[in-house]
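Contents: one structure, followed by commentary.
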Amino acid sequence: MKIVFYIELVGQTFLIFLTKVGIFSRFFWDILSQALRGPFYTKTFLNQLVQIGFLSLPVVGLTAVFTGAALALQIYSGGMRFNAESVVPSIVAIGICRELGPVLCGLIMAGRVASSISAEIGTMKVTEQIDALYTLNTNPYSFLVVPRVCACILSLPLLTLTSDILGVFGGFLVGVSTLEFNPTNYLLNTVKFLELADVISGLIKAVFFGLIIGVLGTFHGLNTTVGARGVGKSTISAVVWSSISVLAANYILTEALFNK
Amino acid sequence: MIKKTKIEVNSLNKILGSKEILKDVSFILEQEEHLVIIGSSGAGKSMLIKCILGLENINSGSIFFDDNLISENSDKQKFLNKLGVCFQSNALFDSYTVWENVAFKSLYNLSSPNIFNLKKLAIERLEEVGLPTNIAEQYPSELSGGMQKRVGIARSMFSEPDILIFDEPTTGLDPIMSKKIISLIGKIIKNSKKTAITITHDINLALFLASKIILIDNGKVEWSGTPKQAMLSKNKLLNIFLNG
């Protein structure tokens, strides 16, 4: 009897998983078809660009500066063990542009943006505002989802580029003030070993992270169940799934971009 | 004069999970009629409206608007264009000003909206529902519950729809404000000669506003008739509603 129970449990779990995959696939297809079909709400998109991109600049910038500074200190203390202190500028630049810039930016945005998108749309769902949009002949996918997803896709690479510059600047500040590097040499070493591909690969990652954050934030928001508890649950799910997906996508993209 | 059928619902069934929410619901709403759907909480009133609006899929049955089946997408759009809905929770958009909420349908659906004209029209609608014009630039959260309800009514009237739908228009309001909202709805429908559907559990509202009443219980149409017939009816549930 117990074996039957466990088989049933596995079967039910698998069916629930397939149902969720189906719902998500349908949602993704709806976004794509609505984005192509239009209308495109430019004003809403620009507003979201400010909310998602511009207003995230302080938190992303500060994180990048401190991460770059800490990275410079770590690489210096590690490099000292085999007299390789001079690699600090290049390793900071490569590390920030290839990995830390896009990933930290993605994680911060997963926390800041996926949660806010999910909570906002979730609250609209439980207060009948989504229903109201339908009755006002406005497709919620066109009006709410597409502008937010597009704003995320555009904002993430721009924020990552800012994060790269500020991260390198953080390393430069510590390198010059604490580690007694010559400012000119530090900058020359940064530029000398950093390739365009390092920066571009980080930006490509950021585009995918933007897509993940936008899609998962709106998905969990629109699938909010009734009440304040429902909004809380969907917000948590949006942050958790966005963060995990960003990290998983980072590994897959790193494999694809660098493992040649 | 033969009145035109505006909405016809035939044998509508809705199942959620294993529960039958609506069972074989049928009714006809003719032009300039005001149908009031009454029933206790959880009877299926709001679900019936959601099914008519296309917000919920139906399991079987059919809904016609102006003799057209509204299951097709293109017909749904046409149908929604001729509807004005006032939600139970008002459903005003927090991040838009009062006038933007009122003019939303035109503001975000016309290819090149004339902002000046739309704002003027929105302010006219606000005046029609008895609101001061200086609230036009305020946000919904800055208004009282009664004012928000009036903004919701103004929004539903904005594009001069054929049919007005009011979902529990007096819920959450004090008795004085409830009376004001009921008489406002009555005035709007009388003056504009609109076809309307109102959902409520308030029998006094139903008797005052309706030209036809439907009593829903457990997802089924328990009783239907005019307010006069309601007063004379021996239906047990209807009498509970009438006598408290």
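The values are calculated or read from the model by the stated rules, or taken from the named source; none is laboratory data. As the structure is a computational prediction, the values presented were derived from the model and not from experiment. Backbone-built Cβ (ideal geometry, glycine too); neighbour counts: all protein chains shown.
Figures for the structure shown
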read-out	value
Filter result (closer than 29 Å to B:THR5 by Cβ and free of Cβ contacts under 8 Å to residues at least 12 places away in the same chain) within the stretch B:161-191	B:SER183, B:LYS187, B:LYS190, B:ASN191
Hits in the stretch B:217-244 - residues which are touching an Asp or Glu at 6+ places or on another chain (Cβ under 8 Å) and at positive phi	B:GLY219
Count of residues meeting criterion [buried (at least 17 other Cβ atoms within 10 Å of the Cβ) and at positive phi] in the stretch B:151-178	1
Candidates B:ILE63, B:ILE58, B:ILE70, filtered to the one that is among the aliphatic types (A, V, I, L, M), over 19 Å from B:TYR139 (Cα atoms) and free of Cβ contacts under 8 Å to residues at least 24 places away in the same chain	B:ILE70
Test for A:GLU120: is it away from chain B (no Cβ under 13 Å) and acidic (Asp, Glu)	no
Selection status of B:LEU121, out of contact with any Asp or Glu (no Cβ under 9 Å at 6 or more places or on another chain), closer than 27 Å to B:HIS201 by Cα and surrounded by fewer than 20 Cβ atoms within 10 Å (Cβ to Cβ)	no
Residue in the stretch B:208-216 that is assigned by TED's automatic domain parsing to the domain that holds B:PHE27, more than 20 Å from B:LEU83 (Cβ to Cβ), in a strand (DSSP E or B) and touching an Asp or Glu at 6+ places or on another chain (Cβ under 7 Å) present	yes
Cβ-Cβ under 6 Å pairs, at least 6 apart or on other chains, the stretch A:50-77 side assigned to a helix (DSSP H, G or I), far side modelled with pLDDT under 90	A:ALA72/A:VAL88; A:ILE75/A:VAL88; A:TYR76/A:GLU85; A:TYR76/A:VAL88; A:TYR76/A:LEU179
Cβ pairs under 8 Å, 6+ apart, first in the stretch B:92-120 and at the interface with another protein chain (Cβ under 9 Å from one of its Cβ atoms) and under 18 Å from B:ARG150 (Cβ atoms), second of a type in the set (A, V, I, L, M) and not in a helix (DSSP H, G or I)	B:PHE104/A:LEU136; B:LYS105/A:LEU136
Flag for A:ALA132 being buried (at least 21 other Cβ atoms within 10 Å of the Cβ), small (Gly, Ala, Ser), within 9 Å of chain B (Cβ to nearest Cβ) and in a helix (DSSP H, G or I)	yes
Of all residues making up the stretch B:172-213, the number that are under 13 Å from the mean Cα position of the chain (by Cα) and of a type in the set (Ser, Thr, Tyr)	3
Those residues of the stretch B:71-88 which are at pLDDT below 80, more than 8 Å from chain A (Cβ to nearest Cβ) and either in a helix (DSSP H, G or I) or in contact with a helix residue (DSSP H, G or I) (Cβ under 8 Å, 6 or more places away or on another chain) (or both), in sequence order	B:ASN73, B:SER74, B:ASP75, B:LYS76, B:LYS78
Conditions (1) assigned to a strand (DSSP E or B); (2) in contact with a helix residue (DSSP H, G or I) (Cβ under 9 Å, 6 or more places away or on another chain); (3) more than 9 Å from every other protein chain (Cβ to nearest Cβ); number of the one not met by B:PHE64	(2)
Answer from A:VAL146, A:VAL126 - the residue that is touching a residue at least 60 places away in the same chain (Cβ under 8 Å), hydrophobic (A, V, I, L, M, F, W, C), surrounded by fewer than 24 Cβ atoms within 10 Å (Cβ to Cβ) and within 14 Å of chain B (Cβ to nearest Cβ)	A:VAL126
